[in-house]
1. Among the numbered conditions (1) within 23 Å of residue 32 (Cα to Cα); (2) modelled with pLDDT under 95, tell me where residue 203 comes up short.
2. If you scan region 152-170, which residues turn out to be surrounded by 23 or more Cβ atoms within 10 Å (Cβ to Cβ) and either more than 13 Å from the ligand (Cβ to nearest atom) or outside any loop (DSSP other than H, G, I, E, B) (or both)?
3. Identify the single condition in (1) under 28 Å from residue 118 (Cβ atoms); (2) modelled with pLDDT under 95; (3) loosely packed, with under 11 Cβ neighbours inside 10 Å that residue 56 does not satisfy, given that it satisfies every other one.
4. Please go through (1) within 15 Å of the ligand (Cβ to nearest atom); (2) more than 29 Å from residue 106 (Cα to Cα) for residue 220 and return the number of the only condition it doesn't satisfy.
5. Here is a check on your reading of the model: is residue 132 away from the ligand (no atom under 16 Å from the Cβ), under 29 Å from residue 40 (Cα atoms), in a strand (DSSP E or B) and modelled with pLDDT of 95 or more?
6. Kindly list, by first and then second residue, each pair from a residue in region 142-169 that is more than 30 Å from residue 272 (Cα to Cα) to a residue that is within 10 Å of the ligand (Cβ to nearest atom) and part of a strand (DSSP E or B), limited to pairs with Cβ atoms under 7 Å and residues at least 6 apart or on different chains.
Ligand code: FE2
């Protein structure tokens, strides 16, 4: 696989991806669209995230971490979050005395996974004609937003994310997952921006994560070849940039050891026409049916 640049464009008006953009997406598996989100909208989302974080009691989660049966309770807190708004701390959030090392906001890894359905500010951001237009131009017949995440990537303790494909976790038959990643702050190689292997979405799906029982997941290895990580390219993204990537596109991000946070918001979209297995980790209650961008 030859080393190539990630395709980058100025965001088109009203989400009208050009043929050049859609063919770059098909060819490389990822496109970067600058200035998709206005600075005001970035700030609005950051402010709302801060309000939700302020309402969250880190002590609740600390009790989960400190119990003897922590793995199971951790798994349960996560696995039940598909249709809720829950908070996940960084691995190094607590010091030896059990106190947060940094502010609450700067201790969080992410918030997820249904802000787009449960919070009015996130819902307004997530459901727009421009995003509907993009989904349609990418070939979605019945787009459905399966999850939302707010990624904090806090200064100094923001954890590394190893190379993976999102379809490992958001699996449909046939595969249909696409990630929409919005930079709310500048993402750089210093604060742990994403990296992609260009064209890597043409490689096989290497792993599939699935539920066993109510609160446990396992990962099946489908292909044991190591990733050609030497081909990875950074997806540096100024605040307001939208990165769209195929669920098969291998990506990773380094730790954030810098002084600057790297907030981002993500949506994962599947096609409602595809089969969604009952053993995917993310299951939603029937009271919260899946919806698209309208
Ligand atoms: Fe991912």
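The values are calculated or read from the model by the stated rules, or taken from the named source; none is laboratory data. A quick note: this is a predicted structure, and the numbers were derived from the prediction, not measured. Heads up, the Cβs are rebuilt from the backbone with ideal geometry, glycines too, and the neighbour counts pull from every protein chain shown.
1. Checking residue 203 against (1) within 23 Å of residue 32 (Cα to Cα); (2) modelled with pLDDT under 95, the one that fails is (2).
2. So the first thing to find is which residues in region 152-170 are surrounded by 23 or more Cβ atoms within 10 Å (Cβ to Cβ), and the list is 152-154, 158, 165, 167, 170.
Correct list: 152, 154, 158, 167.
3. (3)
4. Residue 220 satisfies all of (1) within 15 Å of the ligand (Cβ to nearest atom); (2) more than 29 Å from residue 106 (Cα to Cα) except (1).
5. On the way: away from the ligand (no atom under 16 Å from the Cβ): yes; under 29 Å from residue 40 (Cα atoms): yes; in a strand (DSSP E or B): no; modelled with pLDDT of 95 or more: yes.
So residue 132 does not fit the description; no.
6. Short answer, once both residue conditions are applied: 160/253.
To keep it simple, each residue is scored yes or no on (1) under 18 Å from residue 290 (Cβ atoms); (2) within 13 Å of the ligand (Cβ to nearest atom); (3) in contact (Cβ under 8 Å) with a residue 12 or more places away in the chain; (4) in contact with a strand residue (DSSP E or B) (Cβ under 6 Å, 6 or more places away or on another chain).
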residue: 107; (1), (2), (3), (4): no, no, yes, yes
residue: 120; (1), (2), (3), (4): no, no, no, no
residue: 173; (1), (2), (3), (4): yes, no, yes, yes
residue: 179; (1), (2), (3), (4): yes, yes, yes, yes
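Per-residue answers, yes or no, for (1) surrounded by fewer than 20 Cβ atoms within 10 Å (Cβ to Cβ); (2) within 16 Å of the ligand (Cβ to nearest atom); (3) farther than 17 Å from residue 32 by Cα:
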position	(1), (2), (3)
233	yes, yes, no
242	no, yes, no
254	yes, yes, yes
261	no, no, yes
268	no, yes, no
271	no, no, yes
279	yes, no, yes
